[in-house]
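The numbers here are math on the coordinates, done by the rules we state, and not lab data. Everything quoted here is computed from the prediction, not taken from an experiment.
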Amino acid sequence: MTIQELMAELAVSPMTIHRDLNKLAETGRVVKTHGGAALPETPETPVATAGCAICKRTIPERTAVVIQTERQGILGACCPHCAMALLDRIRTTDLVLVTDFLYGQMVNADEAAYIIGSSVTYCCRPGILAFATWEDAEHFQRGFGGEILGFVQAREAMRRKQSLQRAPQPLTWEAQAPAAITGSPRSERPR
């Protein structure tokens, strides 16, 4: 937009427009051009186009996770669930950023709060959602349930769930019992 268009739209002086554009440019919200301003271009990152490193799904903006390693470079995950599985395969990381589910801002994974098992499943299962603050996670939990955990605890919970899924499940009494015990007709209970 040009300065003239902004002046007409907002009914303010050119000095006010220049002052406000300078502030917006300092924060990266606009790029000043000759005689006006434009929104900054957001180049497609290789992470967004490559898909999730675990499940190969498209990476949604609302749950994206970025993992930077010296060896593999930048890796993307579609959600904290896949990111935690990916982190178990990577020896060292330089940086892990998760997207705050409510506001869409990237935050350090170690500082975020996570909700596991809420009634909202946005991507993979079990659903894990990241929040910039513990307080935001508590507000979300009141409406949608789930358990709030820190990063380390959320990774441990994921490992436990994954090991339970891989382990052979013990047979239930009903599955082991002969038809006589389960109450089938024409049978007697063992004595």
Once you have the Kirkwood Rh of the range 58-104 from its Cα pairs, apply Stokes-Einstein at 37 °C and 0.692 mPa s and quote D in µm²/s.
-> 307
Filtered hits (lysines, Cα-Cα < 25 Å from residue 32, offset >= 8 within chain) -> 23
Rounded to a whole number, the Stokes-Einstein D of the range 46-166 in µm²/s (Kirkwood radius over Cα pairs; 20 °C; 1.002 mPa s) is 152
